[in-house]
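The values are calculated or read from the model by the stated rules, or taken from the named source; none is laboratory data. On a predicted model such as this, the values are computed, not experimentally measured, just so you know. When we count neighbours, we look across all protein chains shown, and the Cβ atoms used for this are built from the backbone with ideal geometry, even at glycine. Side chains included, ligands, DNA and RNA excluded: accessible areas come from the protein's heavy atoms. Shrake-Rupley method; radii C 1.70, N 1.55, O 1.52, S 1.80 Å.
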Amino acid sequence: MGSIVLFGPPGAGKGTQAQRIMEHTGLPQISTGDMLRAAVKASTPVGIEAKGYMDRGELVPDDIILALIEERIKEPDAANGVMFDGFPRTVPQAVALSEMTSISHVLAIEVPDERIVERICGRTTCGRCGIVFHDTFNPVPSSGCPCGSYEEKRRADDNEDTVLNRLHAYHLQTSPLAEWYEEKGLFHRVNGDRAINEITADLLSLLE
Ligand code: ADP
Ligand code: ADP
């Protein structure tokens, strides 16, 4: 198996499913969103440049993203394939990726637009371990976070205005990638408007 791309709109459940697939396949998750947020927090040159785009819900320019990916996939844990979450998001990113590594599956998690705002606006993450929760759809267990101590984090860009821009960017710049991967015979769709466990089961069976 080569590397996997998790594809879908913001809030589709890519990060949630990546954490579960990682437990089964051992493939490390590479989230460009997480890498950019770490860069913003550390005020690196990449972070300083990326911040404005992220706050507005626009895509960060391809050259910045590709430089991050090029470095990341040189790490030893990426040698046997990885799971890309939130990357590629433009056709030029996909073209560049195809020259860097081989992709075996593109798994598209489909969720209708009208579900996205409620998903994003209720998202929380444990700042300690990174597990993704939702205020109503996937609450933190009453026994607390599995990591032992829940530290609630909410993303600055998880607000209604920014989400609408992110959704717009998705339809305009990212969704054309579906056709690009479909022509290559790599594209698989799953209905993402269901229980989290059902989606995980479908994704794992596509990888078998
Ligand atoms: P993405 O990485 O695609 O942006 P996330 O995995 O962060 O999406 O999920 C967005 C929000 O939706 C989170 O709060 C998550 O708990 C919740 N969520 C994920 N999958 C589902 C699902 N199948 N049904 C309901 N809520 C979900
Ligand atoms: P989402 O929940 O919207 O899927 P991400 O964490 O994947 O959120 O991305 C957050 C923001 O980081 C995006 O709105 C965008 O500004 C930037 N970003 C992340 N990945 C990419 C990428 N591959 N190309 C361009 N911008 C990206």
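Tabulated data for the structure shown
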read-out: Within region 82-93, considering residues that are more than 10 Å from ligand 2 (Cβ to nearest atom) and under 15 Å from the mean Cα position of the chain (by Cα), the one surrounded by the most Cβ atoms within 10 Å (Cβ to Cβ); value: 83
read-out: Qualifying residue in region 166-186 (condition: within 12 Å of ligand 2 (Cβ to nearest atom) and among the β-branched types (Val, Ile, Thr)); value: yes
read-out: Elements of type strands (runs of 3 or more DSSP E) in region 97-208, at least 1 residues being more than 9 Å from ligand 1 (Cβ to nearest atom) and within 18 Å of residue 85 (Cβ to Cβ); value: 103-110, 123-126, 187-191
read-out: Residues located in region 33-57, provided they are open to solvent by 50 Å² or more (accessible area, probe 1.4 Å) and within 6 Å of ligand 2 (Cβ to nearest atom); value: 53
read-out: Flag for residue 73 being under 25 Å from residue 208 (Cα atoms) and either touching a helix residue (DSSP H, G or I) at 6+ places or on another chain (Cβ under 9 Å) or among the charged types (D, E, K, R) (or both); value: yes
read-out: Candidate set from region 16-27 (those that are under 20 Å from residue 187 (Cβ atoms) and open to solvent by 10 Å² or more (accessible area, probe 1.4 Å)); member that is farthest from ligand 2 (Cβ to nearest atom); value: 25
read-out: Test: residue in region 168-185 that is in contact with a Leu (Cβ under 7 Å, 6 or more places away or on another chain) and not polar (S, T, N, Q); value: yes
read-out: Which numbered condition residue 30 misses (of (1) surrounded by fewer than 15 Cβ atoms within 10 Å (Cβ to Cβ); (2) among the β-branched types (Val, Ile, Thr); (3) in contact (Cβ under 8 Å) with a residue 40 or more places away in the chain); value: (1)
